[in-house]
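Only one structure is covered here, and it is reproduced in the block below.
The values are calculated or read from the model by the stated rules, or taken from the named source; none is laboratory data. Just so you know, these numbers come straight off a predicted model, no measurement behind them. All Cβ positions, glycine included, derive from the backbone under ideal geometry; neighbour counts span all protein chains shown. To get the accessible areas, we keep the full protein, side chains included, count just its heavy atoms, and leave off ligands, DNA and RNA. Shrake-Rupley method; radii C 1.70, N 1.55, O 1.52, S 1.80 Å.
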Amino acid sequence: MKFPGMSRLSPSFLWEAPVFILLAYLLLHPPMVYPQAMAVALGGVLFLVLFQRVKFLENLGGAWWLFLAYALVASFSAYVPGLALQGSGLLFGGTLLYLLAAQRPEGSKKHLETWLLILGALASLWALAQWAWGFDQLKFQLAGLSKADFLAVEKAIYYRRPSGPFATVGSLAAFLLLLVPLAVSRVRAGSKARLHAGLTLLFLVTLALTQSVGAWVSLGAALLTLLVLRREAKWTGMILAVLALALGVILFTRGWHQWAVGALGMRALLWDS
């Protein structure tokens, strides 16, 4: 069995292997849970920069430069400035990694995309196993928890929102949002269409289990924007209907009051602070 890019120790493979190791490490060691992973993430990106000069900075566009500047400046007035600065560091590191990958040959890009899809499939299967069996095992840990931890774990058991290898449900949902368009593009290109259609379905099912309202709104907005740019308005109605159905099911499952108080209320509190 040949893995992507491993036919020989080519320069492409020598660049792709560290990237895959870095991504796999961060998948298994999320920075929000393992503080040392933050140093590995930022140090790993800077290590890759040593071997390849970053070009095409102008390709980011003015909007993304403004977003990076906003993320950095806003971090100092955040509720927890230290964590916000770490998040901004990851944002800058991810941008550098994207620019480095964009400079690679087309074959190297496809290898990296394949590795990402493999990691995404592992994360999705992890989340599905957690949804099926993981929450039931948490019941045996309730007795020894503090009141605050007891309420958090009890809530997790009741709503059964898997996070997979990530620290939060939102992190898993954000990761899946990156992979769904990638898998769909492989289906449209005809590259092992059935396999990638199955991966797309796996990612969407896992995304549905996260019950993340923000993720589904973001996915719908991205798809609608893409259709407008491509002038393919015939799919607009179907996407709006699927989005409305998904949001309706999520709000019905979680309860409107719980979502309004827990999600909107907490975001308003953080914004006011």
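Annotations for the structure displayed:
- Among the residues of the range 98-127, the ones that are among the aliphatic types (A, V, I, L, M), modelled with pLDDT of 85 or more and buried (at least 17 other Cβ atoms within 10 Å of the Cβ) come to 7 in all.
- Any hit, the range 47-57, residues being open to solvent by 40 Å² or more (accessible area, probe 1.4 Å), of a type in the set (Val, Ile, Thr) and modelled with pLDDT under 80: no
- Among the residues of the range 84-138, those identified as of a type in the set (S, T, N, Q), part of a helix (DSSP H, G or I) and more than 21 Å from residue 197 (Cα to Cα) are 86, 88, 95, 108, 130, 137.
- Cβ pairs under 7 Å, 6+ apart, first in the range 135-146 and surrounded by 10 or more Cβ atoms within 10 Å (Cβ to Cβ), second in a helix (DSSP H, G or I) and at pLDDT below 70: 138/153; 141/153; 142/153; 145/153
- Yes/no for residue 76 being open to solvent by 60 Å² or more (accessible area, probe 1.4 Å) and closer than 20 Å to residue 175 by Cβ: no
- Count of the range 167-201 residues which are under 14 Å from residue 116 (Cβ atoms) and open to solvent by less than 60 Å² (accessible area, probe 1.4 Å): 14
- Subset of the range 154-184 that is over 25 Å from residue 223 (Cα atoms) and modelled with pLDDT under 85 - its residue that is nearest to the chain's Cα centre (by Cα): 167
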